[in-house]
Structures are given as C-alpha cells and as structure tokens.
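First comes the structure, then the notes that go with it.
The values are calculated or read from the model by the stated rules, or taken from the named source; none is laboratory data. Because the structure is predicted, anything quoted here is derived from the model rather than measured. Backbone-built Cβ (ideal geometry, glycine too); neighbour counts: all protein chains shown. Note: areas computed on protein heavy atoms with side chains; ligands, DNA, RNA excluded. Shrake-Rupley method; radii C 1.70, N 1.55, O 1.52, S 1.80 Å.
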Amino acid sequence: MEQKMTQDEMKIEVAKAALKYVIPETIIGVGTGSTANFFIDELATIKERIEGAVASSVATANRLEDHGITVFDLNDVEEISVYIDGADESDKQLNLIKGGGGALTREKIVAAVSSQFVCIADESKLVSVLGDFPLPVEVIPMSTNYAKRQIVKMTGGSAILREGFTTDNGNLILDIHDLKIEDPKRLENQLNNIVGVVTNGLFAGRGADILLLGTANGVQTITPLIEN
Ligand code: 5RP
C-alpha cells in the first residue's frame, strides 16, 4: 500500500526545490520556522556558492552559523537577491499570514529589502480567504491593552496576548482570532496605523512572488493569481 506523505516530508521537498532560486555569489535572506529550518539544512549543502545570508530571527542566525554559513547584519548589506521563508497561510494572490513563530517584524524587513520572495509551504497553508490562522500583531509592551481595544473595535475579532512570549525585539504579540480577511492590503495598513503596533503578520503590500507548495503529488510552483 502506498504511504501518505507527511507534512514534514512536504516541507523537506519544498526546501529542496527552493535551492533552485538561490543565486550564486549573492547574499540571500532566510526566514524562520520549521520549513525555513529544513531550507537552512539544504542550503548548507551548497553553502560555498553563496556569499552569506541575512537572518530573520536569532534562531535562524544560530542555525545558519551552526552550519558554517556567514550571517550578515542587514545594515551592512545593500541588496538581498532572494528571500526564502515559510508562511502560516497563503491565498491565491500570494498574500500571506506570517508570524506564527513570532518573527514577523524582522521577516517583513528582510522581505522588503529582497528582490524576490519565494515562499515555501506544505499544501495545508493554501487557503481561499486568509484569517483562520490567528493574525499576529507585534506591539510595544506599554501599548498592549490600548492596541487590543483598537484591534477589537477595528476588526471585530478577538485579540489574545501570546502568553510567555517576547519577540527578538523585546516586544509582545497579540494574536487576532476569528477574522475573514477580504482585503488583506487594507487591513495590513489599518493595523499598522494603531499607535504602539510595530507591524502585523499580513504580507500583502509585499506578498510572495512565488509559492512553492508541497503536495502529495509533488511540488507545485504558484505565481500570484491576477484577478480582473
Ligand atoms: C515565523 C513564520 C513562519 O514562516 C510560519 O510560522 C510558518 O512556520 P512553519 O514553517 O513552522 O510552518 O512566519 O514567524
């Protein structure tokens, strides 16, 4: 009997497929999470071909360094050829929810600097409407309760403090539950306008350029669906 592929096996397949997008002799951006970790392990096999990497979290920097990959501070780098990272959800336009691992702000910064963003994910992450996965919002600690009230008023969802978690930037995360995000760009901008919000986990203004989706039938390459 044929064995079903596990979620981890799909993540490994997309991590391998992403190597094709690594541009030799450049600095690449590397994301955070279990799929990104599989990618780092694959990247180690071709590490002599790249100049190095910019990491989107302390955990990623540590894993890259453990593999002997040079990690650059973003302030010392002008160009990142490609950013490779996972996601918690993607729609067909390649708008993403990210930040399940709490690294959303650094991920957004590295994605903004990168010429191309290749998202790697297993098939469970592709959805028709974003919002089943709670949307993370990074907040400056003193603004937590104010931001929470504003988020509830603005979205109608419930904002729940991620207990016992501090970001690499020393901030807190509010996870917004019960959303159905019809206009991701608009919500991304509105949430970012709340005083005390550092950023939120919607990657719509700068979504992915390519989604490598791990499925039971192999890796699918998806580009943003243009709607008329
Ligand atoms: C971390 C992220 C991750 O990319 C996202 O949570 C997906 O993680 P995983 O690859 O473990 O499913 O945004 O902040």
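Of all residues in the range 85-109, exactly one satisfies the criterion of being part of a helix (DSSP H, G or I) and more than 10 Å from the chain's Cα centre (by Cα), namely I109. Of the strands (runs of 3 or more DSSP E) lying entirely inside the range 178-228, those containing at least 2 residues that are over 17 Å from A147 (Cα atoms) and open to solvent by less than 60 Å² (accessible area, probe 1.4 Å) are 210-215, 218-222. Scanning the range 30-51 for residues that are in a helix (DSSP H, G or I), of a type outside the set (A, V, I, L, M) and either buried (at least 22 other Cβ atoms within 10 Å of the Cβ) or within 15 Å of the ligand (Cβ to nearest atom) (or both) gives S34, T35, N37, F38, F39, D41, E42. Mind checking whether some residue in the range 67-81 is closer than 21 Å to I210 by Cβ and not polar (S, T, N, Q)? Yes, some residue in the range 67-81 is closer than 21 Å to I210 by Cβ and not polar (S, T, N, Q).
Being buried (at least 24 other Cβ atoms within 10 Å of the Cβ) and part of a helix (DSSP H, G or I) is a description that does not apply to E65.
In the set (1) within 16 Å of the ligand (Cβ to nearest atom); (2) outside any loop (DSSP other than H, G, I, E, B); (3) over 22 Å from L104 (Cβ atoms), the condition left unmet by V54 is number (3). Taking the listed residues L74, L64, the one that is within 20 Å of I12 (Cα to Cα) and either modelled with pLDDT of 95 or more or within 16 Å of the ligand (Cβ to nearest atom) (or both) is L64, with no other qualifying.
Looking at the range 161-211 only, could you name the residues that are in contact (Cβ under 8 Å) with a residue 60 or more places away in the chain and basic (K, R)? R162, K185, R206, listed by residue number. One residue stands out in the range 97-143 among those that are within 9 Å of the ligand (Cβ to nearest atom) and among the basic types (K, R): the one that is most open to solvent (accessible area, probe 1.4 Å), namely R106.
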